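As structure tokens, the structure follows; a few thoughts come after it.
The values are calculated or read from the model by the stated rules, or taken from the named source; none is laboratory data. For clarity, every value in this text was computed on a predicted model and none was experimentally measured. Methodologically, a virtual Cβ is constructed for each residue, glycine included, from the backbone with ideal geometry; neighbour enumeration extends over all protein chains shown. Surface areas here come from the heavy atoms of the whole protein model, side chains and all, with no ligands, DNA or RNA. Shrake-Rupley method; radii C 1.70, N 1.55, O 1.52, S 1.80 Å.
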Amino acid sequence: MIHPTAEVSPEARIGRGTRIWHEAQVREGAVVGADCNVGKGVYIGPGVVVGERVKIQNRASLYPNLTVEDGVFIGPHVVFTNDRYPRSITPEGRLLTDADWEPGATLVRHGASIGAGAVIICGLTIGRWALVGAGALVTHDVPDHGLVMGAPARLVGYVCDCARKLEPEKGPGHWRCPACGRTFELAPLPGRVRRRRARLTARGA
Ligand SMILES: [Zn+2]
């Protein structure tokens, strides 16, 4: 289903069962897999690759050099930037063109979710099943299952495949979901390691 007000390039590939809503724009060379939902006013830039069963909410902007794997959730008004050195002109005042531009590739891995209004700086990887909080400004890679929040975004915990926050289990790096009982082995949080070291130092260990 492509809404009559959407603008889909004849050079874009759209998978079976995908719905593209009002005023969305899908540019040339973009690929959107099967069974996706592309919300109102979404922009999908040239060559952007989107997997299957991806939900892209209203007004999200997916600029080029972006790959989104299967099952990803992209909240409303999310922005994927694609220029680490943004300038309109050279130091001499000449207008910069696409040929002057060094794009940074961004990858969003399987099952990850990006909260409303988050901004993802280019050249990063958002790990499998990671969760980016609403309004976060992501400037570093996010590990698998990582929960990041804030501006700039910091790793504050881990989430389950079911998106609930994991609780630490006995033994370093062991985590468990209180909702569905899945267990995980993931690195201890950087802050916790620092706090533990500080405690040991204070004790004179
Ligand atoms: Zn769970």
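Taking every residue in region 116-127 that is closer than 14 Å to H77 by Cα and pairing it with any residue that is part of a strand (DSSP E or B), at least 6 positions away or on another chain, the pairs with Cβ-Cβ distances below 6 Å are A118/V132; V119/V79; V119/L137; I120/F80; I120/V138.
Just so you know, in region 162-181 the residues that are loosely packed, with under 14 Cβ neighbours inside 10 Å and within 15 Å of the ligand (Cβ to nearest atom) include one that is modelled with the lowest pLDDT, and it is E169.
Looking only at region 143-179, which residues are aliphatic (A, V, I, L, M) and under 23 Å from T125 (Cβ atoms)?
L147, V148, M149, A151, A153, L155, V156, V159, A163, L166
Of all residues in region 40-84, those being open to solvent by less than 40 Å² (accessible area, probe 1.4 Å), in contact (Cβ under 8 Å) with a residue 24 or more places away in the chain and not in a loop (DSSP other than H, G, I, E, B) number 5. Those residues that are part of a strand (DSSP E or B) and not aliphatic (A, V, I, L, M), I need them from region 113-135; list them, please. Hits for region 113-135 are S113, T125. Every condition in (1) closer than 23 Å to C36 by Cα; (2) touching a residue at least 40 places away in the same chain (Cβ under 8 Å); (3) of a type outside the set (K, R); (4) within 16 Å of the ligand (Cβ to nearest atom) holds for L131 except the one numbered (2). Filtering region 136-146 to residues that are under 18 Å from L186 (Cβ atoms) and part of a loop (DSSP other than H, G, I, E, B) leaves H140, D141, P143, D144, H145. In region 149-161, of all residues being within 16 Å of the chain's Cα centre (by Cα) and more than 16 Å from the ligand (Cβ to nearest atom), the one that is least open to solvent (accessible area, probe 1.4 Å) corresponds to A153.
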